[in-house]
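Let me begin by presenting the structure, written as structure tokens, before commenting on it.
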Amino acid sequence: MLRTQKLGEADRIITILTRRNGRIRAVARGVRKTSSRIGARLEPFNHVDVQLYEGKSLDNVSQVETIDPIGGKIAGDYAKWTAGTVMLETAERLTSEEREPTVQQYALLVSGLRSMAGDEHAPTLILDAYLLRSLAVAGFSPSFDECARCGQPGPHKAFNIQAGGMMCPGCRPPGSAAPSPMTVALLGALLSGDWDTADQAAQRERTEASGLVAAFLQWHIERGLRSLPLVDRTWTNHAHVQNL
Amino acid sequence: MYEGAVQELIDELGRLPGVGPKSAQRIAFHLLAADQADVQRLVDALHHVKERVSFCQTCGNIAESEQCRICTDPKRDASVLCVVEEPKDVVAIERTREFRGRYHVLGGSINPIEGVGPEDLRIRELLGRLSDGSILEVILATDPNLEGEATATYLARTISPLGVSVSRLASGLPVGGDLEYADEVTLGRAFEGRRRIESG
């Protein structure tokens, strides 16, 4: 479940990302009434099995079964909820065509949200890893080792968003960022799923990496994400952050 | 399409929530056939609601003066505050006749995907009301959906350090229903919030 919007007196329009049929919008009738049996299942984040029947403009929801009630586990923690909401909005934006199968985006989102609900890593690390990988799946994979323009093996010092990653001294355009080598290592670890390295990263590198990931995301999806500025980054007291 | 004034009326009625083109047309023809006095009463009511009604400066509820009747009622318990999303939630809670404290209307819930953050709600005003120490308990009565839960989580985290007792409305089984028809999320909440029954 990606998003819900109120419709009329007691209905909702739901947006879901499906395994076989990509992103779909459908009408769920009467789900805002307290007597609805499916309203609680049709909440954002939830992993559900939905039966739809075709309508005039939008499909209609007829049955819903819960596979994993992820929403309840995430909404009880404000930092997880705000980070998770960015993941939902990103998934919606990166699947711009309705009913176009996007199995990889679907699998990435489900595993990311499960990891968030299960407290496997800090929410902002899971968010940044998800953003990098979903961009990669969408064809915008950043390069954190070899030069993004000429392919010269790294490590390099300059990072350029428009060029797509690290840049060698010969290709480096003016105005490129110069992140710390530890931050570049963290970004590479998040993209490749090296969680041992990512979990060990200090807060300074995490903050710098989040800034670069956000800038990279905004560049590629053009219109800014509404939820990104509202991410609560005060989760640093959690046990997952070891090197403050 | 109808002639000028009638079509204008249908168009305006059709902009109201829950009123489609067919309903707008039906209401417009009802008004055309109605007595002049009946229509004038409706016109006066619309004028008065825009002229007289505003939002209470203290709680954000609907009011016909600077403060609403609940904030000015000396019989209400000023030490307990119930936080709701919208003025219509105040009406719903008042219908229970169970709550004798006062209210604070947030004006919505935190909804990042729609760009609504804590700064867009009346949370600063709420913290201002809690600052003088006269309020001892805050009851969070935001909607029992995900945005409402997350807003309650945020408020609890913000208010608790002030030394004010914070509680959340219980969720669970509707009265008068059969257990077998409850969905698993609601039933799970009912188990979480179960209460001990003292032997009578």
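The values are calculated or read from the model by the stated rules, or taken from the named source; none is laboratory data. Everything numeric here is computed off the predicted structure, so don't read it as measured data. FYI the Cβ positions are ideal-geometry reconstructions off the backbone, even for glycines, and counts take in every protein chain you see. Just the protein is used for accessible areas: all its heavy atoms, side chains included, with ligands, DNA and RNA removed. Shrake-Rupley method; radii C 1.70, N 1.55, O 1.52, S 1.80 Å.
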Taking segment A:120-141 on its own, how many of its residues are part of a loop (DSSP other than H, G, I, E, B) and acidic (Asp, Glu)?
1
Out of (1) closer than 30 Å to B:GLY101 by Cβ; (2) open to solvent by less than 60 Å² (accessible area, probe 1.4 Å); (3) in a helix (DSSP H, G or I), the one B:VAL43 does not meet is (1)
How many residues does segment B:72-93 hold that are within 11 Å of the chain's Cα centre (by Cα) and over 19 Å from B:ALA152 (Cα atoms)?
1
Identify the single condition in (1) out of contact with any Lys or Arg (no Cβ under 7 Å at 6 or more places or on another chain); (2) away from every other protein chain (no Cβ under 14 Å); (3) not basic (Lys, Arg) that A:LEU191 does not satisfy, given that it satisfies every other one.
(1)
Determine whether B:PRO112 is assigned by TED's automatic domain parsing to the domain that holds B:VAL83 and more than 25 Å from B:CYS56 (Cα to Cα).
yes
Matching residues in segment B:81-92 - criterion: being crowded, with 18+ Cβ neighbours inside 10 Å and of a type in the set (A, V, I, L, M, F, W, C):
B:LEU81, B:CYS82, B:VAL83, B:VAL84, B:VAL90
If you scan segment A:128-148, which residues turn out to be more than 9 Å from the chain's Cα centre (by Cα) and of a type in the set (S, T, N, Q)?
A:SER141, A:SER143
At least 2 residues that are more than 10 Å from chain B (Cβ to nearest Cβ) and open to solvent by 60 Å² or more (accessible area, probe 1.4 Å) in each: list the helices (runs of 4 or more DSSP H) lying fully within segment A:3-119 that qualify.
A:103-117
Among (1) over 30 Å from A:THR15 (Cβ atoms); (2) within 14 Å of chain A (Cβ to nearest Cβ), the one test that B:GLY163 misses:
(2)
Selection from segment B:107-153 of residues over 18 Å from the mean Cα position of the chain (by Cα) and of a type in the set (S, T, N, Q) yields B:SER131, B:SER134, B:THR153
Please work out which one of (1) of a type outside the set (Asp, Glu); (2) at positive phi; (3) within 15 Å of the chain's Cα centre (by Cα) is the condition A:LEU125 fails and give its number.
(2)
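Yes/no matrix, rows are residues, columns are (1) over 30 Å from A:ILE14 (Cβ atoms); (2) of a type in the set (Ser, Thr, Tyr); (3) within 13 Å of another protein chain (Cβ to nearest Cβ):
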| residue | (1), (2), (3) |
| --- | --- |
| B:GLU94 | yes, no, no |
| B:GLY128 | yes, no, no |
| B:SER131 | yes, yes, no |
| B:ALA150 | no, no, yes |
Give me the pairs: first residue in segment B:150-166 and touching a residue at least 12 places away in the same chain (Cβ under 8 Å), second residue assigned to a loop (DSSP other than H, G, I, E, B) and of a type in the set (Gly, Ala, Ser), beta-carbon distance under 8 Å, and six or more apart or on different chains, which are they?
B:ALA150/B:SER109; B:THR151/B:SER109; B:LEU162/B:SER131
All conditions in (1) farther than 30 Å from B:SER167 by Cα; (2) within 26 Å of the chain's Cα centre (by Cα) are true of B:ARG102 except (1)
List every residue pair whose Cβ atoms sit under 8 Å apart, with the two residues 6 or more apart in sequence or on different chains, where the first one lies in segment A:17-38 and is more than 25 Å from B:PRO174 (Cβ to Cβ) and the second, anywhere, is open to solvent by 70 Å² or more (accessible area, probe 1.4 Å) and outside any loop (DSSP other than H, G, I, E, B).
A:ARG19/A:VAL103; A:ARG20/A:VAL103; A:GLY22/A:GLU98; A:ARG23/A:GLU98; A:ILE24/A:GLU98; A:ARG25/A:GLU98
Here is a list of conditions, (1) away from every other protein chain (no Cβ under 14 Å); (2) closer than 20 Å to B:ILE62 by Cα; (3) among the charged types (D, E, K, R), and B:ASP120 meets all of them except one; can you say which number that is?
(1)
On the given criteria, is B:GLU198 more than 21 Å from A:GLU43 (Cβ to Cβ) and not assigned by TED's automatic domain parsing to the domain that holds B:CYS68?
yes
